[in-house]
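Please treat every number below as a calculation from the coordinates, not as lab data. Note that the structure is predicted; figures quoted are calculated from it, not measured. For neighbour counting, all protein chains shown are included, and Cβ atoms are generated from backbone atoms with ideal geometry for every residue, glycine included.
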Amino acid sequence: MNQIFIGKSIEYELRNQERSVVWLARKLNCNRTNIYKIFNRSTIDTELLLRISNVLQRNFFEEYINRLDFTKEADA
């Protein structure tokens, strides 16, 4: 399975919506340095991802849901 780089997905969506880093930082009540750090993350806290999803009106959790694989037997 390929690793998800969630920060890059967030950055792509922000740019796609033609929003600025400053705008997102204001919405999340943080500074823009923190937003750039988020862009470089391969993982993210679920509460933060929920906040970002709500602000950008995009369900970033879908990227993880699409990778679920229940066809393999669980180790006993």
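Here are the numbers for this structure:
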| read-out | value |
| --- | --- |
| Under Karplus coefficients 6.51, -1.76 and 1.60, residue-wise ³J(HN,Hα) of segment 17-24 in Hz, glycine/proline x | 7, 6, 9, 9, 4, 4, 4, 5 |
| Cβ-based exposure ranking for Arg58, Arg15, in which fewest neighbours within 10 Å come first | Arg15, Arg58 |
| Top positive-direction residue, dipole computed over the chain with Cβ charges, set Asn2, Gln17, Leu68 | Gln17 |
| Long-range HN-HN contacts of Asn31 with modeled amide H, under 5 Å | none |
| Segment 1-67, dipole about Cα centre (Lys/Arg Cβ +1, Asp/Glu Cβ -1), debye to the nearest 20 | 240 debye |
| Karplus (6.51, -1.76, 1.60) ³J(HN,Hα), θ = phi - 60°, over segment 65-70, in Hz, Gly and Pro reported as x | 4, 5, 9, 5, 9, 9 |
| q = 0.11, 0.16, 0.18, 0.23 Å⁻¹: log10 I(q)/I(0) that the Debye formula gives for the chain, counting C-alpha atoms only | -0.31, -0.59, -0.71, -1.07 |
| Footprinting exposure proxy for Glu13, Glu63, Glu47 (fewest neighbouring C-beta atoms within 10 Å first) | Glu47, Glu63, Glu13 |
| Per-residue ³J(HN,Hα) for segment 25-31, Karplus 6.51 cos²θ - 1.76 cosθ + 1.60, θ = phi - 60°, Hz, x for Gly and Pro | 4, 5, 5, 9, 6, 9, 9 |
| Alpha-carbon gyration tensor eigenvalues x 5, square-rooted, for segment 8-51, Å | 15, 13, 10 |
